[in-house]
Number of protein chains: 2
Amino acid sequence: VIARVRIDGVAASTVPAADRGLAYGDGLFETLRVLAGRAPLWSLHMDRLAEGCRRLGMPAPDPQVLGDDVAAVCEGLDDAVVRLTWTRGVGPRGYAPPQPATGMRMVAAAPMPALDVVGVAQGIELFECATRLAIQPALAGIKHLNRLEQVLARHEWHDARYAEGLLCDMHGHPVCATAANLFAVIDGELLTPAVDRCGVAGVARRLVLGWFGDARQVELDRPTLDTADEVFLTSSIRGMLPVRAIGARRWQVGPIVRACQTRWRDLGMPWPVILEST
Amino acid sequence: VIARVRIDGVAASTVPAADRGLAYGDGLFETLRVLAGRAPLWSLHMDRLAEGCRRLGMPAPDPQVLGDDVAAVCEGLDDAVVRLTWTRGVGPRGYAPPQPATGMRMVAAAPMPALDVVGVAQGIELFECATRLAIQPALAGIKHLNRLEQVLARHEWHDARYAEGLLCDMHGHPVCATAANLFAVIDGELLTPAVDRCGVAGVARRLVLGWFGDARQVELDRPTLDTADEVFLTSSIRGMLPVRAIGARRWQVGPIVRACQTRWRDLGMPWPVILEST
């Protein structure tokens, strides 16, 4: 039996009760695809993790050591979803971070679930979440463990018709989905909401920004989103997902998201066969 | 050896790696004094915990069962600090809460540390934190596990001269300390910042609001705080703490906080002898 969870490098299924990740959400995580032992976006995930450590004033884990853990938990899996969790580790009671912090790393693998083939091909419908994202520049962009806003937002709908939910900030401006970033093509420009006040700087988002050098990070208002010619989501797990409906507004799958899907596949990401025939 | 940590009613020192409290901070906690097996503010803590469960859409734990856990971990301690943690429990990957959630309860006791006798008698100095609290009505008031703002704020100072830090919201309005609530006497009125947009509705805060029926919950601005005749903090662990300095502004210990200290002692809370002679 291959252990699919390693904690501080050892096969384990539990973490210390006094870990600050549990006590305060004092830590970070990354979720990534691993294909036959290879993580195509590894360096982007490691960059974001390092940036998160810097922002939270935590020591950073050694990417080489994390990589060894990933290889171990993914053994025998062709296509895995891996979650890396890095917390400040065990500490005494109270908010003051221990100095120095020991850190705790958890690496867990699971087989990649089946992709939503119809969604990838024809687009998905978004639920409009009432939960708003708070404006907090100190925590924006990084993938920290304080995720109650996302939990509350995802709790709002149970209808399988909605593959994701649209999340707006406190001012009602669209920012992202519950677990994906948002892009829109408006007046011929590729736009994505800025993530310096809330939201997460997704790894797949960064890829798309790299592919389209003239894409812009903007503050978007809700009515403007409806004027888009194309809307899509990006996720390091689910890839590039066209949006076909938000409320009464419907979209066709557009050329930019199709180009992103082709680029995504070119990274070696397994992709539904249906795409080849569209 | 008495186990000072119980998890789901069993002596244990670890929690499941897949617990949502660790994954997303998806849960709540309470920190309380337990004096020879008796928790003077038990019902207030249980009220807040139940309210938190309602707000997060989680099942609520049975207070009787929690009470049994508390009694077990506190055996042989005259004066203990107990932390109750209640999470949504283990769940599959993803933000969607499992339905139904199983919940996970952790109860941990430690001997009460020595009180800051000088601080109780003469007042404490507050550090002015640069970290701002985000405005998030969906999470305000409850004591949830998403505490990175408090961790970052508490990380700002290391000088033992400051016993606590003043936390303001995004608009620069004083709200609380990192782990205590804030009161001020201004123009003869007892005021405390409202906690419906950020901050925690502290149990000791609720006590004080009950003692002074005409106390008001308000939006306070920073310059107005300096006009106060008296400023003090409230904490269910540390009790009633006069503030003697914030920045250049100095205060004498005032009559309202002294009255609160007397009431606190009357609840049976151990209290420094020095107070008796002031």
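The values are calculated or read from the model by the stated rules, or taken from the named source; none is laboratory data. Just so it is clear, the structure is predicted and the values come from calculations on it, not from any experiment. In this analysis, Cβ positions are derived from the backbone assuming ideal geometry, glycine residues included, and neighbour counts consider all displayed protein chains. Surface areas here come from the heavy atoms of the whole protein model, side chains and all, with no ligands, DNA or RNA. Shrake-Rupley method; radii C 1.70, N 1.55, O 1.52, S 1.80 Å.
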task = Output yes when any residue across the range A:259-278 is touching a helix residue (DSSP H, G or I) at 6+ places or on another chain (Cβ under 6 Å) and closer than 30 Å to B:Gln136 by Cα, and no when none is.
result = no
task = Restricting attention to the range B:8-28, report how many residues are more than 7 Å from chain A (Cβ to nearest Cβ) and β-branched (Val, Ile, Thr).
result = 1
key: Tally, over the range A:85-103, of residues that are within 25 Å of A:Pro270 (Cα to Cα) and surrounded by fewer than 21 Cβ atoms within 10 Å (Cβ to Cβ)   = 0
query = Across the range B:217-231, what is the total count of residues that are over 14 Å from B:Cys176 (Cβ atoms) and either touching a helix residue (DSSP H, G or I) at 6+ places or on another chain (Cβ under 9 Å) or open to solvent by less than 20 Å² (accessible area, probe 1.4 Å) (or both)?
reply = 3
note = Note on the range B:232-253: residues open to solvent by 10 Å² or more (accessible area, probe 1.4 Å) and over 15 Å from B:Thr178 (Cα atoms) are B:Arg244, B:Gly247, B:Ala248, B:Arg249, B:Arg250, B:Trp251, B:Gln252, B:Val253
message = Go through (1) touching a Cys at 6+ places or on another chain (Cβ under 9 Å); (2) within 14 Å of chain A (Cβ to nearest Cβ); (3) among the small types (Gly, Ala, Ser) for B:Gly239 and report which single condition fails.
response = (2)
message = Quick check on B:Ala71: is it without any contact (Cβ under 8 Å) to a residue 60 or more places away in the chain, crowded, with 21+ Cβ neighbours inside 10 Å and under 21 Å from B:Ala109 (Cβ atoms)?
response = no
message = Within the range A:63-77, does at least one residue satisfy the condition of being more than 10 Å from every other protein chain (Cβ to nearest Cβ), over 24 Å from the mean Cα position of the chain (by Cα) and closer than 30 Å to B:Ile237 by Cα?
response = no
query = In the range A:109-146, what residues are among the basic types (Lys, Arg) and open to solvent by less than 10 Å² (accessible area, probe 1.4 Å)?
reply = none
message = If I filter the range A:134-149 for residues that are without any contact (Cβ under 8 Å) to a residue 40 or more places away in the chain and away from every other protein chain (no Cβ under 13 Å), do I get at least one hit?
response = no
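When you check A:Val195 against the structure, is it among the β-branched types (Val, Ile, Thr), open to solvent by 10 Å² or more (accessible area, probe 1.4 Å) and in contact (Cβ under 8 Å) with a residue 60 or more places away in the chain, yes or no? Explain how you work it out, then say what you get.
Details: among the β-branched types (Val, Ile, Thr): yes; open to solvent by 10 Å² or more (accessible area, probe 1.4 Å): yes; in contact (Cβ under 8 Å) with a residue 60 or more places away in the chain: no.
Considered against the rule, which asks whether it is among the β-branched types (Val, Ile, Thr), open to solvent by 10 Å² or more (accessible area, probe 1.4 Å) and in contact (Cβ under 8 Å) with a residue 60 or more places away in the chain, A:Val195 comes out as no.
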Any hit, the range A:256-278, residues being in a strand (DSSP E or B) and under 20 Å from A:Pro174 (Cβ atoms) = no
key: Criterion violated by B:Ala110 - all others in (1) at the interface with chain A (Cβ under 10 Å from one of its Cβ atoms); (2) without any contact (Cβ under 8 Å) to a residue 24 or more places away in the chain; (3) touching a strand residue (DSSP E or B) at 6+ places or on another chain (Cβ under 7 Å) satisfied   = (2)
message = Of everything in the range B:1-18, what is buried (at least 21 other Cβ atoms within 10 Å of the Cβ) and either out of contact with any helix residue (DSSP H, G or I) (no Cβ under 7 Å at 6 or more places or on another chain) or on the phi > 0 side of the Ramachandran plot (or both)? Give them in sequence order.
response = B:Ile7
inquiry  = Condition first: facing chain B (nearest Cβ under 8 Å) and over 15 Å from A:Leu84 (Cα atoms). Can you find one or more residues in the range A:29-36 that meet it?
reply    = no
key: Selection within the range A:89-125 - farther than 27 Å from A:Arg33 by Cβ, of a type outside the set (Gly, Ala, Ser) and outside any strand (DSSP E or B)   = A:Pro92, A:Arg93, A:Tyr95, A:Pro97, A:Pro98, A:Gln99, A:Pro100, A:Thr102
task = For B:Arg88, indicate whether it is more than 30 Å from B:Arg244 (Cα to Cα), without any contact (Cβ under 8 Å) to a residue 12 or more places away in the chain and within 14 Å of another protein chain (Cβ to nearest Cβ).
result = no
note = Filter the range A:34-67 for residues that are open to solvent by 50 Å² or more (accessible area, probe 1.4 Å) and touching a residue at least 40 places away in the same chain (Cβ under 8 Å); the one that is nearest to A:Pro111 (Cα to Cα) is A:Ala36
